[in-house]
Amino acid sequence: MKSLIVANWKMNPLSQKAASQLFDSLKRGLKNVRKTEVVVCPPFVYLSGNRLTSFKLGAQDCFWQDKGAFTGEISPQMLKDLGVRYVILGHSERRQVMGEADEMVNKKIKEVLRLKLWPIVCVGETAQERKKGETFQVLKREIKEGFKNVPKSQMSKVVIAYEPIWAIGTGNPCLADDALTAVLFIRKVISQIFGMALAKKIRILYGGSANSQNAGDYLNQEGINGLLVGGASLKPKEFLKIARG
Ligand code: PGA
């Protein structure tokens, strides 16, 4: 299985020009990359006009209905029309800053799958939850609620990203061994709900202060199928090193 490397630009960069420059460096740098599958998730406003060949396009969120009176929202159907393949859902910044609850994440996952897009669903514990020994409990709840009533037949398109919140944007990455333990636990929960065959097949990534120096530590673990990269994805040289595997 090829590793999946996902760039999450978050709310960056601040101009169309800077976004084009970033896209151009990636297009050039990724031309001959075969070892990994690369997905770039820019802000919505930079998605258009980027039907790319050397990597796939992803969005950072979307709404749970495909059309109608929902001021300010973006429909998964609109994303599909732009050539978007993947959609990040339930990122901790959305859960914490925008108050997205498990129930909303669940609605979004179902709609994205209905439209045959591929959700990248983020789960992970806060520093406090980790301290209290609640990591597994949090992961189990986010998975059970997030995938409630999702048809098993659609689950093979799902990607899950284990993103411990305390490791995101902090320069304090999770140890590869600990990341693997969490990933194995996620697989166990998936297998309890959807069966062993699917749990073996589903792709699970790690995210949180991943960079070119530590990427190999995660990618070399059997069971971790790729990385969700925030800060380092805005530095083309750094991201290309990660993406080249
Ligand atoms: P980071 O972000 O790589 O900057 O820690 C990861 C993420 O939020 O997906």
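Relative to 2.2 N^0.38 Å, what does the C-alpha radius of gyration of the chain come to as a ratio? Two decimals please. Spell out each step's value before the answer.
Numbers: Rg = 16.8 Å, N = 245, 2.2 N^0.38 = 17.8 Å.
In units of the globular-protein estimate, the chain measures up at 0.94.
Which trypsin sites (Lys or Arg not before Pro) in segment 41-111 pass both tests, a DSSP loop state and at most 14 other beta-carbon atoms within 10 Å?
Counting only loop positions with at most 14 other Cβ atoms within 10 Å, the trypsin sites (Lys or Arg not before Pro) in segment 41-111 are 51, 67.
Sequence-distant or interchain residues sharing an amide H contact under 5 Å with residue 4, placed H: which?
Residues meeting the criterion, in which the H sits 1.01 Å from N, are 37, 226, 227.
Whole percent per 10 Å bin, from 0 to the bin with the longest distance: what is P(r) over all C-alpha pairs of segment 1-90?
Taking every Cα pair in segment 1-90, the percentages come to 16, 48, 29, 6, 0.
Under a straight-distance cross-link criterion of Cα-Cα below 19 Å, which aspartates and glutamates are reachable from residue 144, leaving out those fewer than 8 residues away in the same chain?
100, 102, 103, 111, 125, 129, 134, 163
With contacts defined as alpha carbon pairs under 8 Å and 6 or more residues apart, what's the relative contact order of the chain in percent?
It rounds to 21 percent for the chain.
Most exposed first by the Cβ proxy, i.e. fewest other Cβ within 10 Å, how do 15, 20, 209, 233 rank? Please report the intermediate quantities before stating the final value.
Working: 15 9, 20 14, 209 19, 233 28.
Result, fewest neighbours first: 15, 20, 209, 233.
Pull out the extension gain between residue 144 and residue 11, defined as 0.36 nm times the separation in residues minus the alpha carbon to alpha carbon distance; nm, one decimal.
Between residue 144 and residue 11, full extension yields 45.0 nm more.
What length, rounded to one decimal in nm, is gained on full extension from residue 2 through to residue 196, with 0.36 nm per residue of separation minus their alpha-carbon distance?
Numbers: separation 194, 0.36 × 194 = 69.84 nm, distance 2.07 nm.
Extending this stretch completely gives an extra 67.8 nm.
Once you've got the Cα coordinates, tell me which of 35/56; 67/110; 80/237; 80/140; 80/110 are over 21 Å apart.
The pairs that break the limit, which is 21 Å between Cα atoms, are 80/237; 80/140.
Rg to Rh ratio, segment 104-245, alpha-carbon atoms and Kirkwood radius?
0.96
On a straight-distance basis, which aspartates and glutamates could pair with residue 31 in a cross-link, Cα separation under 17 angstrom, same-chain partners fewer than 8 positions away excluded?
Partners within reach: 238.
Each value in this text was obtained by applying a stated rule to the coordinates, not by laboratory testing. Every value quoted in this text rests on a predicted model; they were computed, and no experiment measured them. Backbone-built Cβ (ideal geometry, glycine too); neighbour counts: all protein chains shown.
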